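In what follows, a structure is listed as structure tokens, so that the remarks can point back to it.
The values are calculated or read from the model by the stated rules, or taken from the named source; none is laboratory data. In this text, all values refer to a predicted model and were calculated from it rather than measured experimentally. Cβ sites come from the backbone with ideal geometry, for glycine too, and all protein chains shown count toward neighbours. To get the accessible areas, we keep the full protein, side chains included, count just its heavy atoms, and leave off ligands, DNA and RNA. Shrake-Rupley method; radii C 1.70, N 1.55, O 1.52, S 1.80 Å.
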Amino acid sequence: MKVRVKFTKNGPVKFIGHLDTLRYFQKAIRRAEIPVAYSEGYSPHMIMSFAAPLGVGITSDGEYFDMELTEEESSRELVRRLNAQMADGVTICSIRRIPEEKAANAMALVAAADYLVSFRQGKELPEGWQERITDFLSQDSIVIMKKTKKSEKEIDILPWIFDMHLEGESIFLKLSSGSVHNLKPELVLDAFAAYLNTQLQPFSLLVHRMEVYANQGEETAPSLITLENLGEDIE
Amino acid sequence: MRKLALNDEILLQVEQPARYIGGEINSIQKCKDQIDIRFAMCFPDVYEIGMSHLGIQILYDMFNQRPDVWCERVYSPWPDLDRVMREQHIPLFALESQEPIRDFDFLGITIQYEMCYTNILQILDLGGIPLHAGERTWEDPIVIGGGPCTYNPEPIAEFFDLFYIGDGETVYDALLDTYKEAKSQGKSREEFLRGAAQIPGIYVPSLYQVTYQEDQTIAAFTPLYEDVPSKIEKQIVMDLPNAPYPKAPVVPFIKATQDRVMMEIQRGCIRGCRFCQAGMLYRPLRERNSEELLEMAREMLDNTGHEEISLSSLSSSDYRELPSLIDGLIDMCDARGVNISLPSLRIDAFSLDVMSKVQDIRKSSLTFAPEAGSQRMRDVINKGLTEEDILEGAGKAFEGGWQKVKLYFMLGLPTETEEDIKGIAWLCQKIAERYYEIPKEERNGKCQITASSSFFVPKPFTPFQWARMDTRDEFLAKAHIVKEEVRAQVNQRSIKYNYHEADVTVLEGILARGDRRLCSAIEYAYRQGALFDAWSECFEVERWRQAFEACQIDTDFYTTRERSTEEILPWDFINIGVTKEFLIREWNTARQEKVTPNCRQQCSGCGARGYKGGVCFEG
């Protein structure tokens, strides 16, 4: 049986990188005695896959991984047991059954993500930036230089910003994510700063991921659904 | 949410920021208002190394069992963070509370190898604690050292208030109680240290005076006061099965060097290899029983979630209940998908059978530690492993499907000849020949023999403590002979040879058998930037050369000089239970190329029987 785990990552644990987060969960799952499936061979490993790696220093309320169970247990019991093994800052929000087929794999599904971006004290954009978001989005295109391993190329990121608005003193962003067009919030903020004829200082941003979505519509007319809602609770 | 000592900007700039955040699974948080003693336990190397050390996990657990003590951990900041902390004047902090260690009652430093001595100074320096014990006040923590290097603590004596000599499980309670009493009675720091010196195993270097003869050897090593003992008794846990053991070791967020459950199955060794310091220090051998070990293994796996367990001991094959322990472990681990790792096994039919059950033969390699290339040399060092043992073990392994063999040797052993040196290459060739005896259609391509040699450092409390150590150039010339001789072998393409760095070895030799006069050179080297000397990317021999020159220290005095057995050695004030008479006897027997039977074959009267237990009283 395949299940999807949704968890948060806040506070000091944001400094734990993606691979170490994976190892952390492998050990936690053992401690919690979750009936997880292993691969065959001399060094068996847990069959699990993460949706979207989270960068070091970024917090989140919507992280996901899928794993394979050998026995059915209720969502409530699984969540309780795994939560009892969490370090400060990591909380299991839900564990839900998901369809068996390969295409339902969390990583393959990721299409968009929500972020809340705040400025560190003293590193805000110049006064008045709050009023310029609408203008920024009204442009015909937002062209940035994207660095790849080999070269730099110009790309238009405007189509991949699904939403951007002010939320208190922070900026809410709904961005294309995943394997097709992965837009990082830092890039949008860099472009926004450039639009305001300024530049962000290093370490200006506090990035918090809020949710990750799959797309059940077309690429051009997305219909987003959270990865969590693709699963159903196990009674 | 815990507040961190370092801000985001710093943590995002340094490598592996998770080294500094604490909060790991099974780490201990206490309310600081409800405890009397704050203890910072330090391993003076980078987090991933320090977190791999079993001794600290044992003491961390033991201290935190006391409701009046909160023990936290601290490791060496890597040079990237070291720089930032100095620039921004951030005091070194403990991981759990993230508070400065200078506000703690104790700073305990485990000293596992000589090349971490400059890291000890870094810890004190970044901690804002005076480097010299004599400059500290009650405002500073009591700085206490433990671990194998404290069996010759003299080169670092000035930097420590106390040393704890021996197994950590015995007198810490007495020490902590003495401290609490001194504090509550308003005693001075000096009065406390004087009181601590009365506790067996506690060495207070400031309470001793060393005088030297004209030839620079020690004239006398004397306590300053009558009530200060002239001999320090090594502490030893004789009832190992009932000694404290961490049921829930701390689980690092990042991958430690030992990312597994480590289970100590026994302490000490029966073998008596004459170069081996641990083999003498931890006499007599004491075993845990296998049933309890299985229970411990289960608990530790339950509490950590580690996917691997490793047995820790100096020579696992000598553990008498090994078959039943391994059977039980295989059952337990198969059911959980946990790997078993078995270091320090002698290669024989039993261990090959076990290894074939727990490892992937195609990927794993077999390890032999002949330590020397010729039988003559192995007799000198009392390594009871014969060429027949090695060839038979290798032969069985090759027939069992293994192709990779690792061999460990030492160069620069006492009495070594060119024949002994070339013997390393010849032994490798014989092993290769044994492989190619297997019919072509039954073997799987070439075999891979990797021979590594380190350079021999005579260590205190071994029969070789009086021996001359080779110079850097002698070491390198010897390594060159091996290299050439390997190339001259028929199956040279199946043999890979590599050797350790010579400069580091020489420094290790100076520090290992040094005396108090080296303190100034260590400090000088540190001031010149020496740090993480155990890391080849950080070690620079030039800083040390300058330090010895500036401090007018003739390093040959410590390395290339053979000592007379009459000489007062800097560490003679410690009684490890093994007598000097025994070591002298062994030093002479070694030079007669005679072996001494192991403890189970026959008692050789080393003195450890005086502890009234362990292998000395088996059966």
Looking only at strands (runs of 3 or more DSSP E) that lie completely in the stretch B:133-216, which have at least 3 residues being surrounded by 15 or more Cβ atoms within 10 Å (Cβ to Cβ)? B:142-146, B:162-164
The stretch B:555-568, residues that are touching a residue at least 60 places away in the same chain (Cβ under 8 Å) and part of a loop (DSSP other than H, G, I, E, B): B:T559, B:T560, B:R561, B:E562, B:R563, B:S564, B:T565, B:E567
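Can you list the strands (runs of 3 or more DSSP E) lying wholly within the stretch B:2-110 that have 1 or more residues being on the phi < 0 side of the Ramachandran plot and in contact with a Ser or Thr (Cβ under 8 Å, 6 or more places away or on another chain)? Outline the logic, then answer.
Working: elements: B:37-43, B:69-75, B:106-110.
Those strands (runs of 3 or more DSSP E) span B:37-43, B:69-75.
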Could you please give the count of residues in the stretch B:412-435 that are surrounded by fewer than 22 Cβ atoms within 10 Å (Cβ to Cβ) and assigned to a helix (DSSP H, G or I)? 9
Kindly provide the set of residues from the stretch B:302-340 that are at pLDDT 90 or above and of a type in the set (G, A, S), ordered by number. B:G305, B:S310, B:S312, B:S313, B:S315, B:S316, B:S317, B:S324, B:G328
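Could you say which residue among B:Y179, B:Y151, B:Y172 is closer than 23 Å to B:L511 by Cβ and touching a residue at least 12 places away in the same chain (Cβ under 8 Å)? Steps first, answer last, please.
Values: B:Y179 fails: closer than 23 Å to B:L511 by Cβ; B:Y172 fails: closer than 23 Å to B:L511 by Cβ.
Matching residue, one of B:Y179, B:Y151, B:Y172: B:Y151.
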Just to be sure I understand the filter: pairs with C-beta atoms under 6 Å, separated by 6 or more residues or on different chains, first member in the stretch B:61-79 and over 18 Å from B:F93 (Cβ atoms), second member of a type in the set (D, E). Which pairs pass? B:D68/B:D36
Could you check the stretch A:120-135 and list, in sequence order, the residues that are closer than 20 Å to A:L206 by Cβ, without any contact (Cβ under 8 Å) to a residue 60 or more places away in the chain and open to solvent by less than 80 Å² (accessible area, probe 1.4 Å)? A:G122, A:Q130, A:I133
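Evaluate the stretch A:43-55: report whether one residue or more is within 17 Å of the chain's Cα centre (by Cα), within 12 Å of chain B (Cβ to nearest Cβ) and either surrounded by fewer than 21 Cβ atoms within 10 Å (Cβ to Cβ) or over 30 Å from A:F172 (Cβ atoms) (or both).
Yes, the stretch A:43-55 has at least one match.
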Return the total of residues in the stretch B:256-289 being open to solvent by less than 10 Å² (accessible area, probe 1.4 Å), part of a helix (DSSP H, G or I) and over 18 Å from B:Q601 (Cα atoms). 1
Looking at the stretch B:477-491, is at least one residue in contact with a Gly (Cβ under 6 Å, 6 or more places away or on another chain), touching a residue at least 40 places away in the same chain (Cβ under 8 Å), within 30 Å of B:T589 (Cα to Cα) and not hydroxyl-bearing (S, T, Y)? no
Filtering helices (runs of 4 or more DSSP H) wholly in the stretch A:1-111 for at least 3 residues that are free of Cβ contacts under 8 Å to residues at least 60 places away in the same chain and among the polar types (S, T, N, Q) gives none
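Only residues that are crowded, with 20+ Cβ neighbours inside 10 Å and either in contact with a Cys (Cβ under 6 Å, 6 or more places away or on another chain) or more than 8 Å from every other protein chain (Cβ to nearest Cβ) (or both): list them for the stretch A:9-20, please. Please lay out each step first, then the result.
Of all residues in the stretch A:9-20, those crowded, with 20+ Cβ neighbours inside 10 Å come to A:9, A:12-16.
Within the stretch A:9-20, A:K9, A:K14 qualify.
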